[in-house]
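The values are calculated or read from the model by the stated rules, or taken from the named source; none is laboratory data. In this text, all values refer to a predicted model and were calculated from it rather than measured experimentally. Backbone-built Cβ (ideal geometry, glycine too); neighbour counts: all protein chains shown. To get the accessible areas, we keep the full protein, side chains included, count just its heavy atoms, and leave off ligands, DNA and RNA. Shrake-Rupley method; radii C 1.70, N 1.55, O 1.52, S 1.80 Å.
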Amino acid sequence: MYVAVKGGEKAIENAHNWLSEIRRGDVNVPNLEIDQIKEQLTLSVERVMSEGSLYDTDLAALAIKQSRGDLIEAIFLIRAYRTTLPRFGTSPPIKTEDMVCMRRISATYKDIPGKQKLGPTFDYTHRLLDFSLLAEGNIPKAEKRKVLKEKIPHVLRFLNKEGLIQKEKNNNYQPKDITRNPLEFPANRSERLQSLSRADEGFLLALAYSTQRGYARNHAFVGELRIGYVKVKYNIPELDIEIDIAEIIVTECESVNQFQGSKKTPAQFTRGYGLTFGQLERKAVSMALVDRALRWKEIGEEFVGAPAQDEEFVLSHCDNIQATGFLEHLKLPHYVDFQSELELVRRIRKEYEKNK
Amino acid sequence: MIIPLLKVTNLSKSYDNIVGCKNISMSLYPGEVLGIVGESGSGKTTLINCLSGNLEPDRGKIIFNINNKETDFLNISESEKRKFIRTDLAFVHQNPRDGLRLNVSAGGNIGEKLMSVGYRHYGNIRSLATKWVNKVEIDKSRIDDLPITFSGGMLQRLQIAKNLITSPNVIFMDEPTGGLDVSVQARVLDLIRSLVNELNLTVIIVSHDLAVIRLLADKMIVMKNGTVIESGLSDQVLEDPQQEYTQLLVSSVLQV
Amino acid sequence: MRKTNNVIKIKDFKVDKGLPFDQEYNFAYLDENTKKMIRRAIIKALCIPGYQVPFASREMPMPYGWGTGGVQVTASCLTKRDTLKIIDQGADDTTNAVSIRNFFKKTSNIKTTEITEKATLIQTRHRIPETPLKKKQIFVYQVPIPEPLAFLEPKVSETIKMHSLSEYGAMHVKLYEDISKNGHIETAYAYPVKTNDRYIMDPSPIPKFDNPKMNNSPAIQLFGAGREQRIYAIPPYTKVKSLDFEDYPFDPFKAEHACDICGSKNTYLDEIIVDDAGNKSFICSDTDFCNKRKNK
């Protein structure tokens with residue numbers, strides 16, 4: 001007689017041991033250090049911090065090591081850890097106008113106050129494999145300049161002055177933390193931007209690309225892209241003093257999009273906004289384009305049924321931890337529901353044979 | 001004294017700064033067919049959408065009186081309103097695709113109306129649906145087919161069946177033949193006319209086509225720039241129009 | 001160039017200090033404020049049977065879709081006096097059941113059992129035990145898609161309206177279409193029900209064989225959907241009716257076999273292929289029930 005398979009527990013333990021072994025790989029190769037990941041795989045670390053919604057390079061590097069370099073798995077580890085952290089309070093908004101920029105470009109003006117600054121970018125590199133990295137290659141020294149003392153103004157301010165670009169109104173809305181409140185539809189822009197900021201980079205990229213190809217086309221210019229260090233402040237309520245608690249790297253993109261005007265508004269430029277932890281240019285620009293596409297209603301644009309315009313579609317599907325979880329749950333046992341379907345198909349077929 | 005089934009008082013609706021309809025008052029009696037004519041932009045579609053609950057008017061009163069029960073249409077809760085629309089009203093769209101589920105069989109489409117008002121017996125739903133498919137001259141062998149396999153005329157007839165199956169008290173029709181080829185228009189009109197006579201339906205029909213109004217409507221109103229400029233018995237208005245605009249409409253159509 | 005080393009850390013970097021996992025977390029993993037938030041949602045759900053209450057689902061250390069909703073509900077209801085049973089597909093020893101049970105053992109050091117009668121709190125995926133549930137038991141379902149109308153209307157903003165106005169005609173259209181096509185209602189699991197004569201509710205992907213067990217049950221039934229951020233509930237002794245037509249009544253069928261281990265004829269069975277020729281064996285999906293019956 002058949003005896004049902006037991007031993008899920010043993011199987012899980014063995015599988016996890018094997019996983020640890022294979023993660024370590026050949027023990028004759030030196031163990032990967034967290035510092036190496038942190039210093040040399042910085043863009044992976046920053047993506048994990050951005051989509052994990054937790055700024056901590058050590059934890060992100062650890063997560064990357066633990067996940068064998070699978071970034072979505074690493075993001076997942078960070079998210080789960082984040083859940084358990086107590087909240088001390090909320091910092092006031094960071095001031096990106098005070099950013100110490102390592103990179104700052106505008107595609108709309110050749111020369112701007114504060115200057116264009118290329119910074120450490122892959123742009124204009126030739127994508128040729130650099131075999132010298134196989135050995136310890138010679139690293140060219142970058143020229144050093146002093147950090148500019150004066151603030152670098154946002155480029156879009158100049159369009160603002162002329163009244164050529166849509167004004168962002170301060171509606172004094174206290175943004176809700178989407179990780180502490182359920183997202184409900186229609187969402188407002190603050191919640192939308194929070195979702196997009198921790199959304200999957202690939203998903204945002206594809207959506208932004210679709211707007212460029214005509215699905216809710218909103219021809220975009222990169223009004224400004226800036227990357228650099230900003231201070232995070234915190235007001236200690238007991239002492240009533242504001243202190244700097246951290247300095248973080250963020251990427252900010254403001255897009256300028258043409259707009260023909262509608263019954264409501266005369267022709268003007270409109271904007272989309274992207275902000276991410278770390279140096280994530282591709283994501284920040286994508287985010288700005290998607291943000292702009294989602295703003296069709298407030299601008300009085302037509303809904304053309306494009307995916308990037310559909311708030312509920314975008315926000316419900318942009319989170320890779322939700323998506324990957326639900327997708328991967330298909331690997332769980334489904335014996336019971338499958339059995340139920342089996343019986344149904346058999347019954348329908350039996351009846352079909354009978355009536356033939 | 002006969003109480004009007006529908007009484008409208010000073011109904012107004014505008015969009016931003018554009019007038020949809022302004023200060024409309026009218027009555028509709030049981031068994032009456034009322035035609036609304038006017039060129040596009042005259043406000044006739046705005047009016048019918050307000051009366052049928054598709055649009056929220058800015059001002060005015062809409063009172064239905066059905067089986068001696070008065071319903072203040074603009075002052076009931078959303079759920080009461082939806083229920084009233086489900087059970088007492090029907091709306092035949094110009095484009096049948098707006099009134100049908102294209103991924104649901106013909107029988108399912110007709111049946112949905114019954115199920116939405118509480119029918120829970122498959123056999124009864126099925127036989128009523130079959131009866132109505134027949135009534136609108138669709139072969140009953142097509143009852144399990146999807147509407148996407150139907151011609152334009154058949155789709156419109158299916159939509160009519162879906163709307164009439166629950167015996168609604170007021171039926172709104174927005175250019176019911178407007179989207180059809182001339183060759184099929186006659187057949188659909190003929191069907192509507194025979195159903196109206198047979199079932200003694202109360203109908204408000206919007207059309208820019210005076211021939212449709214002449215054929216179906218007992219009474220008519222003429223709209224221009226959002227207001228009613230002339231109303232009365234259809235024969236009377238069509239034979240002896242008082243307003244210059246109506247005269248123009250009538251002469252331009254009848255001479256063709 | 002990079003200056004992130006200057007960042008002042010709020011939290012010590014303690015993961016590598018070799019502390020056992022469980023000591024770093026609160027009882028049953030979630031912090032007390034989160035549990036309070038979830039318990040409020042549960043109470044609201046119990047007051048409006050079948051209504052989906054939105055809640056701020058947390059990220060859990062297992063993937064969305066693997067029972068995070070159920071785990072959060074369980075974690076919020078769990079007390080130190082509870083005895084916990086976890087099943088998946090009816091069995092206590094399927095991989096995900098083992099994994100979730102271990103999670104609660106680690107984070108709460110709670111007593112666990114495989115015996116349905118002994119449990120005060122049972123978390124399940126896809127089955128209701130054959131042993132009838134009792135008064136004072138809490139029964140938690142893991143729910144992937146809480147919205148029964150989702151397959152007719154994917155937009156939540158629309159389905160919310162349909163629920164609030166009881167516009168459920170479209171739901172029966174699906175059943176109508178099934179019958180006219182195949183002579184049967186084609187839904188075999190996650191078969192929709194009407195709770196307390198008001199809300200149409202998804203019972204989670206249990207086989208429809210289990211649907212009648214929900215009706216008038218003395219236990220508290222809670223449903224948690226983590227990814228979709230919804231909690232709903234059936235209070236004890238509540239009417240739960242599976243949708244059907246008067247002339248096509250609900251039919252909770254199962255395989256027409258008896259269990260090859262315990263011989264039971266009226267329990268839900270798993271079908272197992274036993275050899276290369278495709279020969280089949282049928283055994284109870286509820287392993288606890290099967291063991292007890294066999295040992296009697």
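Taking the C-alpha atoms only, the angle from helix A:335-355 to the longest principal axis of chain A is near 60 degrees.
For chain B, count all C-alpha to C-alpha pairs, find those more than 27 Å apart, and express that count as a whole percent of the total. Present the calculation step by step, with values, prior to reporting the outcome.
Numbers: 12264 of 32640 pairs.
So the portion of pairs separated by more than 27 Å is 38 percent.
To the nearest 0.05, how large is the calculated FRET efficiency for A:TYR109 and A:PHE313 if R₀ is 30 Å and r is the Cβ-Cβ distance? Calculated transfer efficiency: 0.30.
As a quick test, which of the pairs A:LYS151/A:LYS233; A:LYS115/A:LYS231; C:LYS161/C:LYS194; C:LYS213/C:LYS265; B:LYS162/C:LYS174; B:LYS81/B:LYS113 have an alpha carbon distance above 20 angstrom in this structure? In this structure, A:LYS115/A:LYS231 lie more than 20 Å apart at Cα.
Taking the Cβ-Cβ separation of B:LEU102 and A:LYS141 as r and a Förster radius of 45 Å, what is the calculated FRET efficiency to the nearest 0.05? Working from the Cβ atoms, E equals 0.10. Remark: the stretch B:36-42, residue by residue, has Karplus-estimated 3J(HN,Hα) of 10, 10, x, 6, 5, x, 7 Hz, where x stands for each Gly or Pro and the curve is 6.51 cos²θ - 1.76 cosθ + 1.60 at θ = phi - 60°.
Between C:SER164 and A:GLU97, the simple spin-label model (points 7 angstrom out along Cα→Cβ) gives 4.0 nm. Among the trypsin sites (Lys or Arg not before Pro) in the stretch A:232-294, those located in a DSSP loop and surrounded by at most 13 other Cβ atoms within 10 Å of their own Cβ are A:LYS263, A:LYS264. Buried by at least 30 Å² relative to the chain on its own: which residues of the stretch C:87-101 qualify, computing accessible area with a 1.4 Å probe on protein heavy atoms? Flagged in the stretch C:87-101: C:GLN89, C:ASP93, C:THR95, C:VAL98. Extent along the principal axes, Cα only, for the stretch B:65-194: 42, 34, 26 Å, with the longest axis given first. Net charge near B:GLY107: determine it from the other residues with C-beta under 12 Å of the C-beta of B:GLY107, scoring Lys and Arg +1 and Asp and Glu -1. Net charge in that neighbourhood comes out at +4.
Distances between placed amide hydrogens fall under 5 Å for C:THR83 paired with C:THR120, C:LEU121, all partners being 5 or more residues away or on another chain. For the stretch A:306-346, with equal point scatterers placed on the C-alpha atoms only and solvent neglected, what are the log10 I(q)/I(0) values from the Debye formula at q = 0.19, 0.21, 0.29, 0.32 1/Å, to two decimals? Reported log10 I(q)/I(0), two decimals: -0.69, -0.72, -0.92, -1.00.
Using only Cα atoms, figure out Rg for the stretch A:56-197 and give it as a multiple of 2.2 N^0.38 Å.
Working: Rg = 20.9 Å, N = 142, 2.2 N^0.38 = 14.5 Å.
Taking the Cα Rg and dividing by 2.2 N^0.38 Å, one obtains 1.45.
With a simple spin-label model that places each label point 7 Å from the Cα along the Cα-to-Cβ direction, the separation between B:VAL19 and A:ARG213 comes to 4.9 nm. For the residues of C:171-180, the average number of beta carbons from a partner chain within 10 Å of their own beta carbon is 6. In terms of the mean number of neighbouring beta-carbon atoms within 10 Å, the peptides A:191-200, C:244-253 order highest first as A:191-200, C:244-253.
Normalising by the residue count of chain B, find the relative contact order in percent from Cα pairs under 8 Å and 6+ residues apart. Mind showing how you got there, number by number?
Working: 453 pairs, mean separation 66.8, N = 256.
Relative contact order of chain B: 26 percent.
Tally Lys and Arg at +1 and Asp and Glu at -1 over the other residues with C-beta under 10 Å from the C-beta of B:ASP218: what net charge comes out? It works out to a net charge of -1.
Surface composition of chain A: carbon and sulfur atoms hold 56% of the protein heavy-atom accessible area at a 1.4 Å probe. Panel values: the stretch C:254-296, Kirkwood radius from alpha carbon pairs, Stokes-Einstein at 20 °C and 1.002 mPa s, translational diffusion coefficient 204 µm²/s.
Compute the Cα gyration tensor for the stretch A:9-82, then decide on rounded, prolate or oblate, letting a ≥ b ≥ c be the square roots of its eigenvalues: rounded whenever a/c is under 1.5, prolate when a/b is larger than b/c in the other cases, and oblate in all that remain.
Values: a/c = 2.94, a/b = 1.34, b/c = 2.19.
Verdict is oblate for the stretch A:9-82.
Using a probe radius of 1.4 Å on protein heavy atoms only, what is the accessible area buried between chains A and C, both sides summed, to the nearest 100 Å²? Before the final figure, lay out each step's value.
Details: alone 24510 and 16390 Å², together 34470 Å².
Summing both sides, the interface buries roughly 6400 Å².
Averaged over peptide A:86-95, the number of partner chain Cβ atoms lying within 10 Å of each residue's Cβ comes to 1. For C:PHE245, the residues 5 or more places off, or on other chains, whose built amide H falls under 5 Å of its own are C:PHE250. When A:HIS219, C:HIS184 are compared by accessible area of protein heavy atoms, the largest-first order is A:HIS219, C:HIS184, using a 1.4 Å probe. For chain A, the Kirkwood radius over C-alpha pairs fed into Stokes-Einstein at 4 °C and 1.567 mPa s yields D = 54 µm² per second.
Dividing the convex hull volume of the alpha-carbon atoms in chain C by its residue count gives 212 Å³ per residue. Of all aspartates and glutamates in the structure, those lying under 20 Å Cα to Cα from C:LYS135, and not within fewer than 8 positions of it along the same chain, are C:ASP82, C:GLU114, C:GLU117, C:ASP210, C:ASP288. Between helix B:152-164 and chain B there is an angle of about 90 degrees, using the helix long axis and the longest principal axis of the Cα atoms.
Residues C:TRP66, B:TRP132, A:TRP18, sorted by accessible area with the largest first, give A:TRP18, C:TRP66, B:TRP132 [1.4 Å probe; ligands and nucleic acids excluded]. Other residues lying with their Cβ under 10 Å from the Cβ of C:GLU256 contribute a combined charge of +3, Lys and Arg counting +1, Asp and Glu -1.
Mean separation of Cα pairs under 8 Å and 6 or more residues apart, divided by the residue count, gives chain C a relative contact order of 20 percent. Spin-label pair A:ASN235-B:ARG193: with each label point 7 Å from Cα along the Cα-Cβ axis, the two points sit 7.7 nm from one another.
Of all lysines in the structure, those lying under 18 Å Cα to Cα from B:LYS22, and not within fewer than 8 positions of it along the same chain, are B:LYS7, B:LYS13, B:LYS44, B:LYS61, B:LYS224. Treating the angle as unsigned and between 0 and 90°, give the value, to the nearest 10°, between the Cα long axis of helix A:42-52 and the longest Cα principal axis of chain A. Approximately 70 degrees, to the nearest 10.
Peptide B:112-122: average number of partner chain Cβ atoms within 10 Å per residue? Display every interim value, and only then the final one.
Values: counts 5, 1, 3, 9, 8, 1, 2, 5, 8, 4, 11.
What the average comes to for B:112-122 is 5.
Rolling a 1.4 angstrom probe over the protein heavy atoms with all chains in place gives the protein assembly as shown an accessible area of 50 Å² per residue.
Across the stretch C:58-75, coupling constants 3J(HN,Hα) worked out from phi with the 6.51/-1.76/1.60 Karplus curve, θ = phi - 60°, read 9, 7, 9, x, 10, x, 3, x, 10, x, 5, x, x, 4, 5, 5, 4, 4 Hz, and Gly and Pro carry x. Semi-axes of the equivalent ellipsoid for the stretch A:169-231, computed as √(5λ) from the eigenvalues of its C-alpha gyration tensor and ordered from largest down, come to 24, 18, 14 Å. In order along the stretch C:167-172, the phi-based Karplus estimate (6.51 cos²θ - 1.76 cosθ + 1.60, θ = phi - 60°) of 3J(HN,Hα) comes to 8, 10, x, 4, 5, 6 Hz; Gly and Pro are listed as x. Decide, for the protein assembly as shown, between rounded, prolate and oblate: order the square roots of the alpha carbon gyration tensor eigenvalues as a ≥ b ≥ c, take rounded if a/c falls under 1.5, and otherwise choose prolate if a/b is larger than b/c, else oblate. Note, shape of the protein assembly as shown comes out oblate. Surface composition of the stretch C:254-296: carbon plus sulfur atoms hold 44% of the accessible area, using a 1.4 angstrom probe and ignoring ligands, DNA and RNA.
Figure legend: label point modelled 7 angstrom from the Cα of B:GLU244 along Cα→Cβ; residues of the stretch B:1-43 with amide N under 20 Å from it are B:38-40, B:42. Annotation: amide H of B:ILE229 within the under-5 Å range of B:VAL222, B:MET223, B:LYS224, sequence separation 5 or more or interchain, hydrogens built in the peptide plane.
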